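This report refers to the structure that appears directly beneath it.
Values in this text are rule-based calculations from the coordinates and carry no lab data. Quick caveat, the model's predicted, so the values are computed rather than measured. Note: ideal-geometry Cβ built from the backbone for every residue, glycine included; neighbour counts use all protein chains shown.
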Amino acid sequence: MYRYDEFDHTFVEERVAQFREQVARRLSGELTEDEFKPLRLMNGLYLQLHAYMLRVAVPYGTLSSQQMRKLAHIARRYDKGYGHFTTRQNIQFNWPKLEEAADILAELAEVEMHAIQTSGNCIRNVTADHFAGAAADEIEDPRVTAEVIRQWSSLHPEFSFLPRKFKVAVTGASNDRAAIKVHDIGLQMVRDARGRAGFKVIVGGGLGRTPLIGETIREFLPKRYLLSYLEAILRVYNELGRRDNIYKARIKILVKEIGAKAFAEMVEKEWQFLKDWDVDLPDEEFARIQAYFAPPPFDDLPAVTASFEAQRFENRDFARWVRNNVDAHKAPGYAIVTVSLKPEGGVPGDATAAQMEAVADLAARYSFDEIRVSHEQNLVLAHVRQADLYAVWQGLIAAELASANAGLISDIISCPGLDYCNLATARSIPVAQRISRRFADIERQHDIGGLKLKISGCINACGHHHVGHIGILGVDKKGQEFYQITLGGNADENAVLGRIVGPAFSYDTVVDAVETIVDTYLGQRRNGEAFNQTLARVGFDPFKEKLYAPH
Amino acid sequence: MPLIKDSQIVEDVWTSLDDGAPLAPGVWPIVSLERWQAERETLMEAGVPIGLRLRSDQSPRAIAEELEHFGVIALAFPKFTDGRPYSSARLLRERYGFTGELRAVGHVLRDQALFLLRCGFDAFEVAPDTSPDAWRAALAKIKVRYQSAADHRSTAGRLSRKAVRPAQARTPALSLEPEPCAASWAY
Ligand code: SF4
């Protein structure tokens, strides 16, 4: 993984010192809250419902064991003993004190971490496929690109005060696990006819109150032009994006208003000036960064591991966990493990300090010291030998992290909602908890099969409800929490927005409604169809009939 | 408004004129784009250097052909969170080759100093109640070396990687200064 050089170290340390000074100016009253706000936001510090919240960047979701242990330490020392992994592969601490914020940043700097650009109207932490470097369908490790973009965008002089926040996601594979079509910019690695690697560039996706699927503005961008092309996009956006209305300020609105084609032409025009500027990385520099992401030294193993097959045969619980939480690895004899942060009745994405340490230990011992955070709010051990899977599973059981529900209905993405967020109109965590309890029976979950359920506590859609197979949006109706349900959404390479099934449900009835939807699907399902396939075939009517039938 | 140039508070030789205000002999005016467009001939005949003021919603693309007439271009920040003048500055310096003074006016905080310098600004009008010392300290911390003492311009080369540590070239955002100076990241 990427290691800081002396330049990065100094950069981060200087930023800590700078922020310490800014906090002092705020505490002394020299800075008004209005002036301090954009500065603290650039350092990941939000003011939430009950307290400050610190969002720490996990670049492209990759952590070392040492970093994870530091996060555990921070959770214990400065917070209430836990942290919350987010849909942007970051971690949030919900209870830091303003006076200690700079100390936390200093602790993070010790392990090459920071909270820079995890908020504010700048280019945010770049996300990438959480199976990067391990997935079999990959052209190149997308984290190389993500790291290049991270460096380029760090305190970018021109693009640190954009009309609105800006999110970039990268995938190196054709199966999109990074939801690139719902980002401001999505980059997919592709090869041209001559076999050269480059990017398909997608712009203007996003959720929130105006959900839009991104549009492809370039089918193939040679790799070496990555930064000049991004710079062209950002410049067009910086100059023309709306600044009069925060709800219309994202790039998706600009792209929609002027049209993807016209937008693409403007970008191309700007790019003609920039591409021969020296914005782009020379090949050696790309190679230097690439070297940090060289595959770990995999052993030469047979594709099938006899001991693992035997363990799977003998232990049904293990077999079930393997079926759901273990994916194929590109190296023979290895596997990818998803560590579910969705225990029955738990808060999606939360992990205690002890759990973080347990995962750190397992990663150090069994997965080349590397951990991933997925945008589905789980953790990933990307390079585990099949022969070690049983031991990893045992370790996860001991840490209460062995839920065999990855990708199933209880593997819910949920935003913090009214429990923490000052923008929320409804609770989302308790709804997730109730659904996960209702479907606690793991046999039943397996019978239902893969199903993505996503919950947002308000129209800002941080829980990505529009792209859930079942999406739940909390709304406020005359002071009461109600929940609007959308069906048929999808966040992968066939990204599509779900459609509202009908009138919203109350807090008390929303879980019943989800169960009715699931039962209706099971009743209609043919030959192992996935949820969206059944929905496409039978339409919304059977669901509506069951949901809104007069009793 | 105190004016900071080259880490110093300096006397302002320019006067920002409202659109109705008359030209006066010996006064070097900074005028709005509207006034420039309406009174171009009069202004050019006044026999003094002319400065231009652009609002953040006015792109320098509109005056790219006329830059030789301006000794200073003032780019206004209505709020320091309005990032458009950064693009304007880079366009002026890098694309249109403007070599006069590029001045940041309006809501300008010292926390922006790094961004401003690196986009090509070389003069800053700061609020009267800001501490000049703190500004000086912020600017001194940056230690950006202008390419030459003669023009004090932060020009295209500033944003170029070529000017950087040759052994360890980095992306532009991390590697601007002709000399590697870690402290430059303080702001
Ligand atoms: S969706 Fe709304 S409630 Fe949930 S985290 Fe985002 S802003 Fe807060």
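General remarks:
- For the stretch A:306-398, the residue among A:336, A:395, A:373 whose Cα projects farthest onto the positive side of the dipole built from Cβ charges is A:336.
- Computed [θ] at 222 nm, helices only, for the protein assembly as shown once each DSSP H run of length n ≥ 4 contributes -39500 (n - 2.57): -10000 deg cm²/dmol
- The alpha carbon radius of gyration of the stretch A:6-110, expressed as a multiple of 2.2 N^0.38 Å, is 1.05.
- Projected-area mean, the stretch A:310-466, by convex hull of Cα positions, square nanometres: 9.5 nm²
- Cubic angstrom per residue, convex hull over Cα atoms of the stretch A:413-547: 100 Å³
- Per-q log10 I(q)/I(0), the stretch A:306-398, q = 0.11, 0.16, 0.23, 0.26 Å⁻¹ (Debye; single scatterer per alpha-carbon; no solvent): -0.29, -0.62, -1.27, -1.54
- By the count of neighbouring beta-carbon atoms within 10 Å, fewest first, A:352, A:338, A:216 end up ordered A:216, A:352, A:338.
- Within the stretch A:202-284, the trypsin sites (Lys or Arg not before Pro) that combine a DSSP coil assignment with at most 12 other C-beta atoms in a 10 angstrom radius are A:209.
- Here the Kirkwood formula, the inverse mean of 1/r across different C-alpha pairs, assigns the stretch A:371-441 a hydrodynamic radius of 14.2 Å.
- Relative contact order computed over the stretch A:1-146 (Cα-Cα under 8 Å; 6+ residues apart), in percent: 29 percent
- Here is the size of the protein assembly as shown from its Cα atoms: Rg then Dmax, 27.3, 97 Å.
- Its residue count N fixes a reference of 2.2 N^0.38 Å for the stretch A:211-305, and the Cα radius of gyration divided by that reference is 1.53.
- Cβ-to-Cβ counts within 10 Å put A:69, A:3 in ascending order as A:3, A:69, the fewest first.
- Cα centre as origin, Lys/Arg/Asp/Glu Cβ charges: the stretch A:338-425 dipole, Debye: 180 debye
- Mean separation of Cα contacts under 8 Å, 6 or more apart, over the residue count of the stretch A:113-172: relative contact order %: 53 percent
- Residue-wise HN-Hα coupling along the stretch A:502-515, computed from phi with Karplus coefficients 6.51, -1.76, 1.60 (Hz; x: Gly, Pro): x, x, 6, 10, 6, 4, 6, 9, 5, 5, 4, 4, 4, 5
- With neighbour counts taken as other beta-carbon atoms within 10 Å, the residues B:44, A:68 rank, fewest first, as B:44, A:68.
- The aspartates and glutamates whose alpha-carbon is closer than 15 Å to the alpha-carbon of residue B:5, local same-chain residues fewer than 8 away aside, are B:101, B:122, B:125, B:133, B:151.
- For the stretch A:410-419, 3J(HN,Hα) per residue [Karplus equation, 6.51 cos²θ - 1.76 cosθ + 1.60, θ = phi - 60°, Hz, x = Gly/Pro]: 8, 7, 8, 8, 9, 7, x, x, 5, 5
- For the protein assembly as shown, the dipole from Cβ point charges (+1 on Lys and Arg, -1 on Asp and Glu) about the Cα centre works out to 1120 debye, to the nearest 20.
- For the stretch A:414-475: relative contact order, % (alpha-carbon pairs under 8 angstrom, 6 or more apart): 33 percent
- Legend: residue pairs A:181/A:256; A:223/A:248; A:97/A:454; A:181/A:454; A:165/A:252; A:37/A:165, Cα-Cα distance threshold 20 Å; pairs beyond threshold, A:223/A:248; A:97/A:454.
- Residue (of A:436, B:22, A:1) at the positive-pole extreme of the protein assembly as shown, dipole from beta-carbon charges: A:436
- Per-pair calculated FRET efficiency, R0 = 41 Å: residue A:80 and residue A:478 via Cβ, rounded to 0.05: 0.75
- Virtual paramagnetic centre 7 Å along Cα→Cβ of residue A:244, amide N under 14 Å, in the stretch B:76-90: none
- Cα gyration tensor shape of the stretch B:3-154, rounded if a/c is under 1.5, else prolate or oblate by comparing a/b with b/c: prolate
- Farthest toward positive dipole pole in the stretch A:413-547 [+1 Lys/Arg, -1 Asp/Glu at C-beta], among A:511, A:542, A:450: A:542
- Dimensionless Rg over Rh [the stretch A:134-291; C-alpha; Kirkwood]: 0.95
- Taking amide hydrogens as placed 1.01 Å from N in the peptide plane, the amide H of residue A:166 sits under 5 Å from those of A:122, A:124, each at least 5 positions away in sequence or on another chain.
- In order along the stretch B:124-133, the Karplus-derived 3J(HN,Hα) couplings, from 6.51 cos²θ - 1.76 cosθ + 1.60 at θ = phi - 60°, round to 9, 8, 10, 5, x, 8, 6, 6, x, 5 Hz, and Gly and Pro are given as x.
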